[in-house]
1. Just checking, how many residues over segment 22-44 are outside any strand (DSSP E or B) and more than 19 Å from the chain's Cα centre (by Cα)?
2. Within segment 209-238, can you find the residues that are assigned to a helix (DSSP H, G or I) and exposed (fewer than 11 other Cβ atoms within 10 Å of the Cβ)?
3. For segment 1-13, name all the residues that are touching a helix residue (DSSP H, G or I) at 6+ places or on another chain (Cβ under 8 Å) and either part of a strand (DSSP E or B) or surrounded by 23 or more Cβ atoms within 10 Å (Cβ to Cβ) (or both).
4. Only one residue in 293, 285 is surrounded by 20 or more Cβ atoms within 10 Å (Cβ to Cβ), at pLDDT below 95 and within 26 Å of residue 325 (Cβ to Cβ), so which one is that?
5. Please count how many residues of segment 252-279 are surrounded by fewer than 20 Cβ atoms within 10 Å (Cβ to Cβ) and under 16 Å from the mean Cα position of the chain (by Cα).
6. So which residues in segment 303-352 are closer than 14 Å to residue 263 by Cα and either touching a strand residue (DSSP E or B) at 6+ places or on another chain (Cβ under 8 Å) or buried (at least 20 other Cβ atoms within 10 Å of the Cβ) (or both)?
7. Can you say whether residue 93 is touching a helix residue (DSSP H, G or I) at 6+ places or on another chain (Cβ under 7 Å), surrounded by 23 or more Cβ atoms within 10 Å (Cβ to Cβ) and at pLDDT 95 or above, as far as the supplied structure shows?
């Protein structure tokens, strides 16, 4: 198949990583894949590292220039399927294809749990302009069906797949030695873009309440909230305990060094890649039931799940995992088993391949 991915966002996070890894998986299977995105987007510069052909188009905003650029490119480069990912590129692709004589089918991937408008135009986008909708979790799928009345037979949940060889349990002492970390300390960690809804500030406050352990918090990721969070750490006199590592391309090296992984998100989640990576690494996890997180993180079975935006229960869950190593080990092992069963990379590519094949409209 000839597949085109479009992404208008200039940000960086799990959505962009899924686009790149999924596209690379399709290329490895012999499909032709091209990514369309704004030239200033981080995904534009990252795509060549994943072996993804990428074309810069002015599609970062909903305007005539972006629409004409999208239409012109699609008219000149026939495709079977266009997979859109953000609101802006979904609208531009839909309007462009609506005016093309031999337009490709559109698959719209919904990565997060942000609400979908109930207006007539959005209903057209999701039901008439789009051949199929993919969500990254079943809860997101049910929301589109139950709250918006979209046809369930044209919506499929395809959770993000993770490389199960890259993310695996490793010796903690060796991991810490390789990273120059103190083997005597207890490490709590988070891997997430520094956005408000990821809940970093709640995690920092919760760690400040830990007792009986010489702890450190490792924050992997970068983003618009970094300075705000660094200022918060300074105000709380936690500069010696909280370490900002910035964006890392090697989270598989840092995760095995942790005692506990935490993701206290309170909005805009599907099934986060970082949490799945931590599960495959065999880590005990504290998280919230936001978006479709609860489909992978089951309280008491594969994680400890706490209410979002509440520091006391978050601190209590972290304390419990640090105090009870047998519980931590049991949850980590169960998390890895669950992730291996449902969130392997090939499982995701298989599912997306079936969807693309089912809606593919070969160009004339």
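The values are calculated or read from the model by the stated rules, or taken from the named source; none is laboratory data. Remember, it's a predicted structure, so these values are computed and weren't measured experimentally. Every residue, glycine among them, receives a Cβ derived from its backbone with ideal geometry; neighbour counts consider all protein chains shown.
1. Within segment 22-44, the subset outside any strand (DSSP E or B) is 22-31, 38-44.
Then keep just the ones that are more than 19 Å from the chain's Cα centre (by Cα); that gives 27-31, 38-40.
Summing the residues that are outside any strand (DSSP E or B) and more than 19 Å from the chain's Cα centre (by Cα) in segment 22-44 gives 8.
2. Matches in segment 209-238: 227, 231, 235.
3. Of all residues in segment 1-13, those touching a helix residue (DSSP H, G or I) at 6+ places or on another chain (Cβ under 8 Å) come to 1, 3-12.
Answer for segment 1-13, where residues must be touching a helix residue (DSSP H, G or I) at 6+ places or on another chain (Cβ under 8 Å) and either part of a strand (DSSP E or B) or surrounded by 23 or more Cβ atoms within 10 Å (Cβ to Cβ) (or both): 3, 4, 5, 6, 7, 8.
4. Numbers: 285 fails: at pLDDT below 95.
293 is the lone residue from the list that is surrounded by 20 or more Cβ atoms within 10 Å (Cβ to Cβ), at pLDDT below 95 and within 26 Å of residue 325 (Cβ to Cβ).
5. Summing the residues that are surrounded by fewer than 20 Cβ atoms within 10 Å (Cβ to Cβ) and under 16 Å from the mean Cα position of the chain (by Cα) in segment 252-279 gives 4.
6. Taking segment 303-352 and keeping what is closer than 14 Å to residue 263 by Cα, we get 303-311, 313-315, 317-318.
303, 304, 305, 306, 307, 308, 313, 314, 315, 317, 318, listed by residue number.
7. It is true that residue 93 is touching a helix residue (DSSP H, G or I) at 6+ places or on another chain (Cβ under 7 Å), surrounded by 23 or more Cβ atoms within 10 Å (Cβ to Cβ) and at pLDDT 95 or above.
Here's the yes/no breakdown for (1) under 19 Å from the mean Cα position of the chain (by Cα); (2) closer than 23 Å to residue 279 by Cα:
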| position | (1), (2) |
| --- | --- |
| 159 | yes, yes |
| 187 | no, yes |
| 193 | yes, yes |
| 206 | no, yes |
| 214 | no, no |
| 219 | yes, yes |
| 232 | no, no |
